[in-house]
1. Given the options Tyr247, Thr159, Thr181, identify the residue whose Cα lies farthest towards the positive end of the charge dipole of the range 46-286 (+1 on Cβ of Lys, Arg; -1 on Cβ of Asp, Glu).
2. Pop out the Kirkwood hydrodynamic radius of the chain from its pairwise C-alpha distances, inverse of mean 1/r, in Å to one decimal.
3. Of Leu188, Leu277, how do they rank once you tally other Cβ atoms within 10 Å and put the fewest first?
4. Cross-link candidates for Lys236: which lysines have Cα within less than 23 Å, leaving aside residues fewer than 8 places away along the same chain?
5. Would you grab the residues whose amide H sits under 5 Å from the one on Met145? Only those 5+ places off in sequence or on another chain, please, with H modelled 1.01 Å from N.
6. Considering only the range 175-272, what is the antiparallel percent among its DSSP beta bridges, to the nearest 5?
7. From the backbone phi of the range 300-312, what are the Karplus-calculated ³J(HN,Hα) couplings (6.51 cos²θ - 1.76 cosθ + 1.60, θ = phi - 60°) in whole Hz, Gly and Pro given as x?
8. Run down the aspartates and glutamates and flag those whose C-alpha is under 16 Å from the C-alpha of Lys362, throwing out any fewer than 8 positions away in its chain.
Amino acid sequence: MLTSTVNITSKLPHVGTTIFTIMSGLANECKAINLSQGFPNFAVSPALIELINKSMCDGMNQYSPMPGLITLREAIAKKTLLRFGAQYNPETEITITSGGTQALFTAIMATVSKGDEVIIFDPAYDSYAPAVELAGGVPIHIALMPPNFNIDWNEVQQTISTQTRMIIINNPGNPSSQVLTKDDMIALQKITDGTNIIVLSDEVYEHIIFDGQQHQSVSMFPQLAARSLVVYSFGKTFHATGWKMGYILGPQMLMTEFRKVHQFNVFSANTPIQAALSVFLSDENNYNYLEKFFAQKRDYFASMLLSSRFKILPCCGSYFQLLDYSAITTEHDKDYAIRMTKENGVASIPVSAFYKNGTDNKLLRFCFAKDDATLQAAAERLCKI
């Protein structure tokens with residue numbers, strides 16, 4: 001083991017190992033059922049795998065253009081127009097990224113400067129605030145509360161200052177599993193109208209939305225779209241989170257700044273997968289089934305928990321189910337998540353990890369993007385508590 005003799009001032013002094021790494025590691029150590037980290041355990045489409053293999057065999061193995069293959073950007077532009085009625089120029093307003101998190105990070109680094117304030121809604125995906133801090137910005141957290149995690153737009157209006165540079169939204173939400181309505185988007189549009197605020201919209205779970213609701217993308221609202229960078233994930237859509245493939249949409253002025261950083265961040269994303277997705281994305285059936293597919297998994301998991309002591313919170317989107325354990329114990333959620341993993345053999349994520357101040361609402365997040373056998377086995381263990 002090496003001992004460094006170099007002194008360094010940490011750029012993220014309050015950041016340690018993420019809760020996802022901790023809980024997944026504990027799950028492996030305890031041989032527990034891992035419903036903590038948000039990844040599917042079922043197969044990727046064989047047709048998509050075959051297309052990637054063909055791309056590799058056809059020699060698509062070198063760098064793609066920095067913004068991504070034009071064929072894929074054109075396919076995305078067509079999909080976006082069909083879904084949202086929004087027109088994005090594939091040449092100048094769409095960039096392929098190495099996953100959604102890279103797109104988020106690069107967007108923040110490209111547009112947030114020292115002293116800029118960025119509004120973040122807690123519970124929030126844990127990459128937002130560290131990226132803002134690395135850019136020299138100041139995260140401004142607004143806490144949302146269960147069970148519905150509704151945004152109070154009057155509070156947002158009062159929080160906005162002359163230093164506000166960006167508002168980050170996540171729709172559908174992780175870990176809240178809630179979705180923003182048309183009224184929410186209109187309120188956001190009204191609040192930002194006439195300002196210099198950028199909206200960064202994390203929409204990686206766009207296809208995983210339930211109960212007949214329509215995904216309200218910022219792209220559907222022209223005034224919002226004109227100030228927004230919108231992030232998507234092929235990994236979430238096609239059950240392949242390990243491929244780290246995503247994309248970002250935005251008006252040319254913002255995308256120009258995004259690409260300035262992107263070219264020195266990763267330069268370009270995986271070429272053979274891009275080529276395969278160019279073909280696979282053209283068939284709407286390859287993603288339109290997701291709502292029904294994941295709704296069945298949500299309902300299956302929830303139905304098996306009805307006899308448990310957990311309270312099931314509303315899940316309107318994403319593939320995460322929040323469970324309230326307050327009828328079981330008063331332990332802090334992190335302590336209980338660890339104990340449950342060790343004693344009951346099911347790993348989850350404590351929701352306090354998604355709040356700046358560690359707010360403990362006695363909630364645990366469970367990923368139901370698993371095969372039915374895994375969900376059944378986990379539910380049986382949870383019902384014995």
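1. Of the candidates, Tyr247 comes out farthest on the positive side.
2. 21.7 Å is the Kirkwood radius here.
3. Ordered by Cβ neighbours within 10 Å, fewest first: Leu188, Leu277.
4. Result set, ordered by chain and number: Lys54, Lys78, Lys79, Lys244, Lys292, Lys297, Lys370.
5. Under 5 Å from the amide H of Met145: Asn150.
6. Numbers: 4 of 8 bridges.
Given both bridge residues lie in the range 175-272, the antiparallel proportion sits at roughly 50 percent.
7. For the range 300-312, the Karplus-derived couplings read 5, 5, 5, 5, 7, 9, 4, 8, 7, 8, 7, 9, 8 Hz, x marking Gly and Pro.
8. Excluding near neighbours in sequence, the set is Asp122, Asp324, Glu331, Asp333, Asp335.
Where a number appears in this text, it was derived from the coordinates with a stated rule and is not lab data. Keep in mind that this is a model prediction, so the values were computed, not measured. No Cβ is skipped: glycine too gets one built from the backbone with ideal geometry, and neighbour counts run over all protein chains shown.
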